[in-house]
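A short worksheet on the structure shown next.
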Amino acid sequence: MKKTSLSLHKQGGSFVVDGLGSPTAALKFDRGMRTGTVTSGGRALPIAATGRLRTRVTAGEPAILCLDGPEAFVPGGGAPVEWRTSKPHRGRYHATLVRGSDLIDFSLAKSDGKSVRIEVSGSWDQLELIALAGSFALLSRRRGDTYLKVAFVSVISGGQHTH
């Protein structure tokens, strides 16, 4: 089975995928990291994370990719896919896209908002797009969790800052 290691890292105002030759794919976030644009294969597509915990990600209008549990779909044929996410554990955000025996693992350290590790097993159509979308999901979720923590601390402290 073909295995590939990729990484997504920040370069200027965008994120790019390394490991597939020259970086031709990019991810750019809008304010708040809930929406953005993915550029892959010479086309730019809107991408968005929805739901209370930003757990559903779609790319394109209409969507050509959706990361949402057993309802997930990606470009290309073959068996159905499933997007599996877990709560942050041991300082990492983790998610896996599964199609039969093929899978893509995504990992992001809580403390590092600038790079995602991506381990690919098997063959995937439009891998750059999928790598960007999965990375977008983890980065957006981490940002959402940060907003929730700030809001929680503000409520607990009565909105007062101590110096």
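The values are calculated or read from the model by the stated rules, or taken from the named source; none is laboratory data. In this text the structure is predicted, and so the values were computed from the model without any measurement. Neighbour counts are summed over all protein chains in view; Cβ atoms, including those assigned to glycine, are modelled from backbone coordinates with ideal geometry. With ligands, DNA and RNA removed, areas are computed over all heavy atoms of the protein, side chains included. Shrake-Rupley method; radii C 1.70, N 1.55, O 1.52, S 1.80 Å.
Observations on the model:
- Ranking Glu61, Glu71, Glu128 from most to least accessible surface, computed with a 1.4 Å probe over the protein chains only, gives Glu61, Glu71, Glu128.
- Net lengthening on full extension, Lys28/Met1 (0.36 nm per residue, minus Cα-Cα): 6.5 nm
- For the stretch 30-126, alpha-carbon Rg relative to the globular expectation (2.2 N^0.38 Å, N residues): 1.09
- If the segment from Ser115 to Thr37 were pulled out straight at 0.36 nm per residue, it would be longer than the present Cα-Cα gap by 26.3 nm.
- Its relative contact order, with pairs defined as Cα atoms under 8 Å and 6+ residues apart, puts the stretch 10-94 at 12 percent.
- Counting charges near Ser107 (Lys, Arg +1; Asp, Glu -1) among other residues having Cβ under 9 Å from its Cβ returns a value of 0.
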